[in-house]
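Have a look at the structure below before the remarks.
Please treat every number below as a calculation from the coordinates, not as lab data. Since the model is a prediction, treat every value here as computed from it, not as a measurement. Backbone-built Cβ (ideal geometry, glycine too); neighbour counts: all protein chains shown.
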Amino acid sequence: MTWVVLIASGVLESVWATALGASDNLKRPKPTALFAVSLVLSMAGLAYAMTDIFVGTAYAVWVGIGAVLTVIVAVVRKKEVLSLGRAALLVVLIGCVIGLKVVS
C-alpha cells in the first residue's frame, strides 16, 4: 500500500510543479490553489510512504516520478521540446525508479 501512496504522491509532485509554473509567481488564484493543495497532499503521501520505505529510496522514487511526469506534461503542452537525448535520459530515469522498487 505504501508503494501505491508513494506513486500517487509522485504524480501529485508533477501536478504541483506544473501548477506552480502556471501560477505566474503565485499571482493567479486557480493554479496557486492547485499548487497548494497538491503540494500538501504530495508531501503527506511521501511522509506516509517513508514510514515503510527507506527515506532515500522513497525520496528518489518520488522525485523521479515527479520529474518525468513534469517533463511529459511540459512537452505535451508544447512548453518544452523533447529531443532524442532527453527522451533517452528519461527512459533511464524511469528504469532507475523501477529498479529501486525491484531491489527494495
### Query
Can you run phi through the Karplus equation (6.51, -1.76, 1.60; θ = phi - 60°) for region 26-42 and list ³J(HN,Hα) in whole Hz, with x for Gly and Pro?
6, 9, 9, x, 5, x, 5, 5, 4, 4, 5, 5, 5, 4, 4, 5, 5
### Message
Could you check the spin-label model distance between I98 and A22? Points 7 Å from the Cα along Cα→Cβ, value in nm.
### Response
2.9
### Query
Which whole-Hz ³J(HN,Hα) couplings does region 17-25 yield from phi under the Karplus relation 6.51 cos²θ - 1.76 cosθ + 1.60, θ = phi - 60°, glycine and proline marked x?
5, 5, 5, 4, x, 7, 7, 6, 6
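Given Cβ point charges of +1 (Lys, Arg) and -1 (Asp, Glu) and nothing else, what value in debye, to the nearest 20, does the dipole of region 2-103 about its Cα centre take?
Values: 8 positive and 4 negative charges, 82 e Å.
So the magnitude is around 400 debye.
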### Query
What distance in nm separates the simple spin-label points at A8 and S83, each placed 7 Å from Cα in the Cβ direction?
3.8
### Summary
The answer for M50, listing residues at least 5 apart or on another chain whose modeled amide H is closer than 5 Å to its amide H, is none
### Query
For region 21-104, what's the relative contact order in percent, using C-alpha pairs closer than 8 Å and at least 6 residues apart?
22
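Order these by the 10 Å Cβ neighbour count, fewest first: E80, E13. Walk me through the numbers on the way to the answer.
Numbers: E80 14, E13 25.
Lowest count first: E80, E13.
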### Message
Under 5 Å between amide hydrogens, which residues at least 5 positions from E80 or on another chain qualify, with H placed 1.01 Å from N in the peptide plane?
### Response
V75
